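**Student:** Would you mind keeping the following structure in view while I ask a few things?
The values are calculated or read from the model by the stated rules, or taken from the named source; none is laboratory data. For clarity, every value in this text was computed on a predicted model and none was experimentally measured. Cβ: placed from backbone, ideal geometry, glycine included. Neighbour counts: every protein chain shown.
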């Protein structure tokens, strides 16, 4: 069929010499399709009666929620979309009916250590042309970097006029000349989205408007609530549903949007019952897991749409350049890939970014965080899972336990008719022998993982080793002993770097991933009497400077400090290391001033996303340290400070106005 279609496109006059390669291509495509189908059959048991089915009306959704208050009926309403309460049986469709690397900033180089290329993540500093834009304690700052200078140009309050200052402003994204600031308002019980205009010529930031999106708090100690894929803004928003809603009462309040100045009840719903998928998991506390997409291209307002799935509270949110994945679990374990229960307790949903049909699979275990996911170029979804993991909401990712496995299934296995992952989809892996805080990351052809200290004080009982499994081709899992815990895993050119503490000193261990006999340590560096100053992924950056060469930067603080101190105490410095063929050479650091200005902060006064970053932009090297932008110059084997700008102090007159 493929060859016939190609032939019909070219027409009968196509020469035979031109047709021959087409038949080869067609044969290869057919072979690949056959292999993929065989792989789906091997790893996914097809669904029998479960299917992804939307609610057909608001009345049906209300009936479901009302039934949740009657325990004797919960097993019936949760058993599948074809079952349910008697009063809604006439509305329920049958399964047969329903089955019909770093992102580039401003089109140039990235300054954000993103998980996936082409998928930017909400952060505290972004680049726009000749400017850096910094989100800091409820204010936006613009700093011009043109012509070798560092000139603060403008500052604005993020809070909209009339705000009660009850919002945490967490992250920011920049699309063309629009700045989007994401926060959570406890006063409104909603996600707050502030839109600002940016003039790349003058560096002026101008407040445009603020919208509220009704939701619960999205905060995660590791994940980010927003992504930018092209001109499409993508949010994950959880929303707890009221189980006391009676079938004869008012409509169920669903996620909606309204301008900040409008009446508190004037919500424009962005999702209705017909865009919500009925639950296929048992839960006493149903949560609407909502994925919101907003088109920013050429628009002054906020035009958003949403899709939602109902399930338990536990979730992990991951975005590739093709799809959004939401893994939903109740946080409990029923055995990891042992098939000891009649139904796998978890469900992973795939929502294509091109608007295609969603799909779902029943799964065992749960990912640790978003870094547990990798949608590969081979159209396979790879997920590192543990038997006990509760998702990445709040601090959920900081504690996981039990067995470890790699789930690997073809993307083609996701369907509206919900299948179940077979035991063949899981590869049992060795697990950390101690420690609940586990870091993991897909780097090159490997998934790497190990345990460390995380938000707590340095662990005295640690499993000082990193595990590396060749996820795509399979094979033996390497176990490499380290003199430190695993607190961070990052890509570094063609290799990896593992960073962790021994309780007093901070260690950097480079791992060569290209060796024929498997991964091995290439080099080590120890920074005495130091610990990580930032825990989030954006705190690290590796800048390639040539074949096998580059420079990395990481914020530091003094030795033995618990990780949670990053919330209230700024980093002491940013350390820079030169890397040549995975071997480290210390360059030194750019240090913060010990005194901090009194900024008279009234909103968002805890640095939930940190306050320090290494920045490499247009051949220049900076350390963002609180309100200071410190520039360094690398001369030979060291970095020296060549400039320091207190952008808060320089822009204070504008704040006073």
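**Student:** Return yes or no: is residue 160 over 21 Å from residue 293 (Cβ atoms) and out of contact with any helix residue (DSSP H, G or I) (no Cβ under 6 Å at 6 or more places or on another chain)?
**Tutor:** yes
**Student:** Checking the structure you have, find out if any residue of the range 411-426 is surrounded by 21 or more Cβ atoms within 10 Å (Cβ to Cβ), touching a strand residue (DSSP E or B) at 6+ places or on another chain (Cβ under 6 Å), part of a loop (DSSP other than H, G, I, E, B) and not assigned by TED's automatic domain parsing to the domain that holds residue 383.
**Tutor:** no
**Student:** Which of the residues spanning the range 612-657 are assigned to a loop (DSSP other than H, G, I, E, B) and buried (at least 16 other Cβ atoms within 10 Å of the Cβ)?
**Tutor:** Taking the range 612-657 first, the residues assigned to a loop (DSSP other than H, G, I, E, B) are 618-619, 626-627, 636-637, 657.
Result: 626, 627.
**Student:** Across the range 163-197, which residue is modelled with the lowest pLDDT among those that are under 13 Å from residue 296 (Cβ atoms) and over 23 Å from the mean Cα position of the chain (by Cα)?
**Tutor:** Filtering the range 163-197 for residues that are under 13 Å from residue 296 (Cβ atoms) and over 23 Å from the mean Cα position of the chain (by Cα), the one modelled with the lowest pLDDT comes out as 177.
**Student:** How many residues does the range 104-155 hold that are touching a strand residue (DSSP E or B) at 6+ places or on another chain (Cβ under 9 Å) and closer than 30 Å to residue 323 by Cβ?
**Tutor:** 25
**Student:** If you don't mind, another one. Filter the range 576-611 down to residues that are surrounded by fewer than 18 Cβ atoms within 10 Å (Cβ to Cβ) and within 30 Å of residue 512 (Cβ to Cβ), then give me how many there are.
**Tutor:** Total satisfying the criteria: 6.
**Student:** When you go through (1) at pLDDT below 90; (2) under 20 Å from the mean Cα position of the chain (by Cα) one by one for residue 319, which number turns out not to apply?
**Tutor:** If we test residue 319 against (1) at pLDDT below 90; (2) under 20 Å from the mean Cα position of the chain (by Cα), just (1) comes out false.
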